[in-house]
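Peer 1: Submitted below is the structure of interest, expressed as structure tokens.
The values are calculated or read from the model by the stated rules, or taken from the named source; none is laboratory data. What you see is a predicted model, and the numbers here were worked out from it, not measured in a lab. Note: ideal-geometry Cβ built from the backbone for every residue, glycine included; neighbour counts use all protein chains shown. Surface accessibility is based on the protein's heavy atoms, side chains included, excluding ligands, DNA and RNA. Shrake-Rupley method; radii C 1.70, N 1.55, O 1.52, S 1.80 Å.
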Amino acid sequence: MSLLKLVHRNLWRHPVRTSLTFAFSALALFLFVFLTSVVTTLAAATKASATNRIAVQSAASLYVYMPESYRAKIEQVPGVESTCPWVWFGGYYQDPSNFFAQFAVDLATHLDQYPEAEVDPAQRAELLADRQGCLVGDELADKFGWKVGDKIPILSNIYTVEGGKAWEFTLRATYHSRKPNIDNKTMFFHWDYLKEMRKALRAQGFEASGQDVGVWMTKVKDGFDPDAVIAAIDALFEAGPQRTRTQTEAAFQAQFASMLGNVPTFLGWIGGAVLFAIFFSVMNTAGMAGRERSRDAGILKALGFKDRLAGGMLLLESMAVVGVGGVTGAVSAWLAAPAFRDQFAQFLPNYFVGTPTLLLGIAIALFIGFAGGLYPAARLTRLRTVTVLRQEA
Amino acid sequence: MATAPDVLARMRGITKVYSRGGQEVRVLDGLDLDVGAGELLALMGPSGSGKSTILNLLGGLDRPDAGTIEVGDTEITKLSSDALAGWRARHVGFVFQAFNLIPVLTALENVELPLLLTPLGKKQRREHAEYALQLVGLTDRMDHRPKQLSGGQEQRVAIARAIATDPTMVLADEPTGDLDRASADAVLDILSRLVAEHGKTVAMVTHDPAAARRATRTLHLEKGVLVEQGTTGPA
């Protein structure tokens, strides 16, 4: 017999109530950790962006293309080290549900601009030598079981071939990015191969994109102020034919988050509301338990236990149910991160649950258990033994 | 003043005032009372006469508005709340009319509960609790929870819990109030044996004349004042 045994027995006095409180706490903290992680994932990509890379897009919209001739002009701007075309391919593997991002890029320039995406040197050479070769993030390759040398058929919603024929690529290299600004679930292929596709489609009577490039990812030379380079590029195209909007990579990444409008803020509010709900629920449950334990508290005090013991035991109960439930929910959200990453590959390919978010969730769970049980516990502590035993007699 | 030969507890000039419905009710007014060591004291009187208040004050569950209470060498009215709790754990065992057992614990665990406040180890605590249950004749019910026991058995478990720590005094508030005659007699037998065979001091509040007849001394209270005292018979 120990007081912990008494706490344990009290916990299971109302098994349904305890189970529901546990489940609600787990669900609330699961949601909190998940929603917070969505926000932190969006922020992490922006934070990890390089300071020496800038993105040039059409001033009208990200979906309006710019002429290929811009490349030479951008490269003439003082401070520009290199510029690389990025064109969205909009394809999928075998089935539309297997959607992932593909970009046509100048692979040699791209690999130089993104040293954080590590590629085996031998594979890199193979990749650059093969016109149909493609570079794939290691997580994407793992997901579909692709190996270097495999033929990968991709159907595009933009570059559609008559008869539903797929474009064929050969996997020549995989990369692994060490930073969240570039995910490991994207496919890159030769810009020249895309130009051939467009040519072939035009010959067949299809209308391929009239203009050419979605984004010019541009690297700034060391010692040059990116803001000055940005201003110079936009000034260069002030008169058209397409005015440009140039921004740092961080701002470019951030605009994808801002496309979601106030969603991150709403997610924060929802997470907060869930925590408030669980807090009041715990307070209510602990209040009910406290009222039921009044007589027991009186008995314990009559036996010689100190006034604060009964309150302390109630507090422990509250922290045990909500704490264990909350920790279960937070850890479940952490364990479910890979599944979520697959589920939201299109929107949040880099979704992750950070250790600070996990620890924050656990700390919040314990705090809610403590704070929710505090008032009922204080009430139990203050109860006059004589009064409670007389009332309960 | 109500006196006893070998005094264990002394109450002097005790006044206790309760506030009921916004009005002050003087339950005890300058009461003097001695409780003798090894006596079975019965406190009788109508409801509201202050019997239970005396018991609560003697056991340190409540504090007087005026006056002093000494038990042995300790003036308990001067003790802090924590010190009083510690004193209560060592010197007082309570038996209540409503039994007041913890419903989620077995009979054995209920009896073991006050022993958690002693320096005894786990094994010794269990032995003490089993011995206390043996004294009240309930060794065969030690793994039962209160709901699985009759009222008389519950009260016997409560007595076992009260004596488990070998306290100086056992204070019983209407111990037979909720029991049938046979169960009440069994409980009174145990309380009498505690006094006669184990030298315990028992103070008991009761409305039951049969219980009072078991007492070595009976005090009658009316409106907080001792109006009669008599020695009835041996415990």
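Peer 1: Take the conditions within 14 Å of chain A (Cβ to nearest Cβ) and either touching a residue at least 40 places away in the same chain (Cβ under 8 Å) or open to solvent by less than 50 Å² (accessible area, probe 1.4 Å) (or both) and apply them to residue B:195. Does it pass? Full working, then the answer.
Peer 2: Working: within 14 Å of chain A (Cβ to nearest Cβ): no; either touching a residue at least 40 places away in the same chain (Cβ under 8 Å) or open to solvent by less than 50 Å² (accessible area, probe 1.4 Å) (or both): yes.
No; evaluated as a whole, the condition is false for this residue.
Peer 1: Here's a follow-up. Considering every residue within the range B:141-152, establish whether at least one is more than 13 Å from chain A (Cβ to nearest Cβ), assigned to a helix (DSSP H, G or I), within 19 Å of residue B:190 (Cβ to Cβ) and under 20 Å from the mean Cα position of the chain (by Cα).
Peer 2: First, pick out the residues of the range B:141-152 that are more than 13 Å from chain A (Cβ to nearest Cβ): B:141, B:144, B:148-152.
Restricting the remaining residues to those that are assigned to a helix (DSSP H, G or I) gives B:141, B:148, B:151-152.
Right, trim to within 19 Å of residue B:190 (Cβ to Cβ) and you get B:141, B:151-152.
Narrowing the set further to residues that are under 20 Å from the mean Cα position of the chain (by Cα) leaves B:151-152.
Yes, the conditions are met somewhere in the range B:141-152.
Peer 1: Okay, moving on. Would you mention how many residues in the range B:103-116 are more than 7 Å from chain A (Cβ to nearest Cβ), under 19 Å from the mean Cα position of the chain (by Cα) and not aliphatic (A, V, I, L, M)?
Peer 2: Residues flagged as more than 7 Å from chain A (Cβ to nearest Cβ), under 19 Å from the mean Cα position of the chain (by Cα) and not aliphatic (A, V, I, L, M) within the range B:103-116 amount to 1.
This table checks each residue for (1) away from chain A (no Cβ under 14 Å); (2) in a loop (DSSP other than H, G, I, E, B); (3) under 20 Å from the mean Cα position of the chain (by Cα); (4) not aliphatic (A, V, I, L, M).
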position: B:12; (1), (2), (3), (4): yes, no, yes, yes
position: B:15; (1), (2), (3), (4): yes, no, no, yes
position: B:28; (1), (2), (3), (4): no, no, yes, no
position: B:61; (1), (2), (3), (4): no, yes, yes, no
position: B:101; (1), (2), (3), (4): no, yes, yes, no
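Peer 1: Starting from residues that are open to solvent by 60 Å² or more (accessible area, probe 1.4 Å) and more than 9 Å from chain B (Cβ to nearest Cβ), keep the ones in the range A:9-28 and report whichever is nearest to the chain's Cα centre (by Cα).
Peer 2: A:27
Peer 1: Go over the candidates A:384, A:390, A:308 one by one and state the one that is within 12 Å of another protein chain (Cβ to nearest Cβ), among the basic types (Lys, Arg) and touching a residue at least 60 places away in the same chain (Cβ under 8 Å).
Peer 2: Details: A:384 fails: touching a residue at least 60 places away in the same chain (Cβ under 8 Å); A:390 fails: touching a residue at least 60 places away in the same chain (Cβ under 8 Å).
Result of the check over A:384, A:390, A:308: A:308.
Listed here are the residues, each with its yes/no results for (1) open to solvent by less than 10 Å² (accessible area, probe 1.4 Å); (2) of a type outside the set (Val, Ile, Thr).
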{"position": "A:322", "(1), (2)": "yes, no"}
{"position": "A:330", "(1), (2)": "yes, yes"}
{"position": "A:356", "(1), (2)": "no, yes"}
{"position": "A:372", "(1), (2)": "yes, yes"}
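Peer 1: Is it the case, given these coordinates, that residue A:199 is surrounded by 15 or more Cβ atoms within 10 Å (Cβ to Cβ), out of contact with any Gly (no Cβ under 9 Å at 6 or more places or on another chain) and more than 28 Å from residue A:342 (Cβ to Cβ)?
Peer 2: Numbers: surrounded by 15 or more Cβ atoms within 10 Å (Cβ to Cβ): no; out of contact with any Gly (no Cβ under 9 Å at 6 or more places or on another chain): yes; more than 28 Å from residue A:342 (Cβ to Cβ): yes.
In short, no.
Peer 1: I'd like the full set of residues that are farther than 11 Å from residue A:216 by Cα and open to solvent by 40 Å² or more (accessible area, probe 1.4 Å), limited to the range A:73-91.
Peer 2: In the first step, residues of the range A:73-91 are kept if they are farther than 11 Å from residue A:216 by Cα; the result is A:73, A:76-81, A:88-91.
Scanning the range A:73-91 gives A:73, A:76, A:78, A:81, A:88.
Peer 1: Quick one: residue B:166 ticks every box in (1) buried (at least 24 other Cβ atoms within 10 Å of the Cβ); (2) of a type in the set (D, E, K, R); (3) within 15 Å of residue B:92 (Cα to Cα) except a single one, so which number is it?
Peer 2: The failed condition is (1).
Peer 1: Next up: Please work out which residue is nearest to the other protein chains (Cβ to nearest Cβ), limiting yourself to the range B:36-54 and to residues that are crowded, with 23+ Cβ neighbours inside 10 Å and among the hydrophobic types (A, V, I, L, M, F, W, C).
Peer 2: Filtering first and then ranking leaves B:54.
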